[in-house]
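Q: Below is the structure I would like to discuss, written out as C-alpha cells.
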Amino acid sequence: MDKTKVDYSVYLVTDSTPAILGTRDLTSVVEAAVRGGVSIVQYRDKHSDRDTAVATARKLLQVTRRFGVPLLVNDRVDVAVEVGCEGVHIGQDDMAYEEARKLLGPNKIIGVTASSIEEALAASKAGADYLGLGTVYATPTKKDTKSIIGPSGIRSILQALASSGYASLPTVCIGGINAHNATSVLLESSAAPAKSLDGIAVVSALVAAEDPAAAARDLLAKVVTGRVPDVLRAVAEGTPLSHNMTNLVVQNFAANVALAVGASPIMANYAEEAADLAKLGGALVINMGTVTPEGLKNHIQAIQAYNAAGGPVVLDPVGAGATSIRRSAVKTLLSTGKFSIIKGNEREIHTVSDTSSSVVQRGVDSSSTLSVPQRAALARSVSRTTGAVVVVTGRTDVVSDGVRTLRIDNGHEYLGRVTGTGCTLGTTLSAMVAAFKGKSALVAAVAGLVMYEVAAERAGVRSDVRGPGTFVPAFLDELSAVREETVRGDVKWLAGAKVE
Ligand code: 3NM
Ligand code: MG
C-alpha cells in the first residue's frame, strides 16, 4: 500500500469495551463499517493481553486487506510489527515517534495525536504521516482527554501547520464527532485555502451504532459534504488549468464554465502541446463528442503526456455506445492510460464497462433504464476495473471510487434541455480534481457535481429564466456566485446539497 495515497475521510477507531461494543463481535462491526465507507481503521485496545491483541489485529487485517483500507494499531507498536499491518497511531504519552519509526521502518504509517500547536508542529517535524487533532468535543468514550479545543482550536492548529510548511500533511480530528456534527465540524475547523481537515475519526458513532454500515455511509456523506467548500476554495486559490480536448459543439460553453468555477481554460486539440501543458499543474479533459481518426491520435498522445507528468485526466466518453467506431475508440483510450475520473450517462458508462456490447445507443442524449442501486453497481464495477472515480450522471447521479459509492440528488431539468451540460460538467470535474490533486478524487468529484447542480437549481428557479435559452447565462452567473460566496466563507448554499 502506498502510504501517501491513504484516504482519511472516515477514520474508524475501535473500542472493545462492553460500554461501546456491547456483546457484538468487533470484526463484524469493522467489516460492516468498512463496507459502509470507512477508509482507514485503527485497532485501539487498552485492555486485552498481548496474545488476544495480536489475534484480534490479525482478524481485522483480513477484513481491511479485503477492502484495500489500511489497518493501524493504537499505541502497541509490537503488535503492529508482529501482524505486519500498515502502521500505528501513537499518543503523546505513548512510545516516542523516533523509536516507533525504527521498529516499523520507513514505509509504515505512523500517526500522532496532537492537542496543541506545539505538539502538532513537533510531530510534523519528527516525520509523522498524519496527525489526529483533538479533543474536539468532550466524549464519554475517553474520559482522560487533556484539552477540549473545539473546531476553532483545530483551525488554529491547521493554520499553524500551513504557515510552517506542513500544508499537505494529512489531518483528522477526533472527539465527540458524529453524523449530526461532522459537516459543521469540517466547515468550522477549515482554515482553507491554507489548510483543511482530510477527515474525521470516530469511535462510538460507528462502534456503538445499531447498524455500523448505515452509520458509515451516513458519516461518509456528511464528511464529503463538509469538504466541498475546501475543494472549491482550492480551485479559486490555484486557478488550475483545465485543458480541454473537446468537441466542436461545446468549446465556448466549456471555456466559460471553466472560468465560472474558478479554473483557467485552454481549448487545445493539438497533442504536441500536451507535454508542455501537462507541466502546468492542471488537468486534461478528453471528450469524445466529435471523434475523428486524427482526434483519437491526439487524445492518446495527450493522455500519455498527462500520465507521465502525474496530471489528472478526466474521460468523457460522449455517445460511446452510438457507433462501433466510438466503442472501439473507448477501448483504445482505456488501454492507453490512466484516468482520474470517468464521467458519463448510464449508457456511456455501460459501454465503458463492456466495449464489446452490441447494445446500440441512439445519439448522445441520455436516458435511463437502470435503478439507482443498479447504476451504483455499474459505477463501482467500472471504477474497480479502470481505477478511476466513476460518475454516472442522471436525475440521481452516482459517484464511486470502487469501494465507496455516493448518490447526489441535486440538479435541474434545464440541464437536460441544453446541449453541452454533460461536457461542461467534465470540465468542472477537471478543475476540482486538479486543485485537489494528492487528496481524494472522490471528494473532488462530488464537490464538482454538487456545485454544478446546486448552481443549476438556483438558475432554474430565477424569475428571469423562462426556458433553456435564458437558463444558460443564469447558470454561468450562479456557478460563479457559488464560487464567490464560498471563497467569502458563505456556504449557506451547501445546505441544499443532497449527498447520500
Ligand atoms: N482519542 P468518540 S478522543 C480515542 O482526543 C480518542 O485524542 C481522543 O471517541 C483524543 O468518537 C477519543 O466516541 C475518543 O467520541 C473519541
Ligand atoms: Mg494513546
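Q: Grab the beta carbon distance between VAL249 and THR323, set R0 = 22 Å, and tell me the FRET efficiency rounded to 0.05.
A: About 0.85, to the nearest 0.05.
Q: Where does the charge balance sit around ALA271 when Lys and Arg score +1, Asp and Glu -1, over other residues with C-beta under 15 Å from its C-beta?
A: -2
Q: With an 8 Å cut-off on Cα pairs and a minimum separation of 6 or more residues, tell me the relative contact order of the chain in percent.
A: Once normalised by length, the contact order is 13 percent.
Q: Mind giving me the FRET efficiency for ARG395 and HIS47? R0 is 41 Å, r the Cβ-Cβ distance, nearest 0.05 is fine.
A: 0.25
Q: Still on this structure, I have one more. For the Cα atoms of the chain, what angle does the longest principal axis make with the long axis of helix 421-435, in degrees from 0 to 90, nearest 10?
A: With rounding to tens, the tilt is 40 degrees.
Q: Counting only C-alpha contacts under 8 Å and six or more residues apart, can you give the relative contact order of the range 3-226 as a whole percent?
A: About 23 percent, as a whole number.
Q: Run the numbers on the range 1-85 and let me know its relative contact order in percent, using alpha-carbon pairs under 8 Å that are six or more apart.
A: Value for the range 1-85: 32 percent.
Q: Let me ask something else about it. Classify the range 239-496 from the C-alpha gyration tensor, please: rounded if a/c falls under 1.5, else prolate or oblate depending on whether a/b exceeds b/c.
A: Since a/c stays below 1.5, the shape of the range 239-496 is classed as rounded.
Q: Can you pull the one-decimal nm distance between simple spin-label points at THR332 and ALA377, each 7 Å off the Cα toward Cβ?
A: Label at THR332, label at ALA377, 3.3 nm between them.
Q: Could you work out how far helix 468-488 tilts from the main Cα principal axis of the chain, as a 0 to 90 degree angle to the nearest 10?
A: Once rounded, the angle reads 30 degrees.
Q: Do the sum for the chain: with -39,500 (n - 2.57) for every DSSP H run of n ≥ 4, divided by all residues, what is the mean residue ellipticity at 222 nm, to the nearest 500 deg cm²/dmol?
A: -15000 deg cm²/dmol
Q: Taking a ≥ b ≥ c as the square roots of the eigenvalues of the Cα gyration tensor of the range 1-140, is the shape rounded (a/c under 1.5), prolate (a/b larger than b/c) or oblate?
A: rounded
Q: If you don't mind, another one. For the charge dipole of the chain, defined by +1 on Lys and Arg C-beta atoms and -1 on Asp and Glu C-beta atoms about the Cα centroid, which residue among ALA497, GLY438, THR427 has the Cα displaced farthest towards the positive pole?
A: THR427
Q: Using only the alpha carbon atoms of the chain, find the Kirkwood hydrodynamic radius as the inverse mean reciprocal pair distance, in angstroms to one decimal.
A: Value: 23.3 Å, from the Cα pair sum.
Q: Using the Kirkwood radius over C-alpha pairs as Rh, can you work out the diffusion coefficient of the range 58-111 via Stokes-Einstein at 37 °C, viscosity 0.692 mPa s, in µm² per second?
A: The calculation lands on 294 µm²/s.
Q: Skipping prolines and chain starts, which residues have an amide H placed within reach, meaning under 5 Å, of the one on THR171, given they are 5 or more residues away or on another chain?
A: Answer set, sorted by chain and number: LEU131, ASP198, GLY199.
Q: I've got another one for you. What spacing in nm lies between the two simple spin-label points modelled at ASP211 and GLU237, each 7 Å away from Cα in the Cβ direction?
A: 3.8
Q: As I understand it, the value is the acute angle between the Cα axis of helix 372-386 and the longest principal axis of the Cα atoms of the chain; what does it come to in degrees, rounded to 10?
A: Approximately 80 degrees, to the nearest ten.
Q: Quickly work out the GLU294-to-SER163 label distance, labels modelled 7 Å from Cα along the C-beta direction, and quote it in nm with one decimal.
A: It is 5.5 nm.
Q: Summing +1 for each Lys or Arg and -1 for each Asp or Glu, what net charge is found among the other residues whose Cβ lies under 11 Å from the Cβ of ALA194?
A: Around ALA194, the surrounding residues sum to +1.
Q: Using the number of other C-beta atoms within 10 angstrom as an exposure proxy, rank CYS85, CYS173 with the fewest first.
A: CYS85, CYS173
Q: Still on this structure: Which FRET efficiency value, to the nearest 0.05, is calculated for GLN92 and ASP276 with the Förster distance at 51 angstrom and r the Cβ-Cβ distance?
A: 0.60
None of the figures in this text is laboratory data; all of them are computed from the coordinates on show. Since we're looking at a predicted model, the values are computed, not measured. For neighbour counting, all protein chains shown are included, and Cβ atoms are generated from backbone atoms with ideal geometry for every residue, glycine included.
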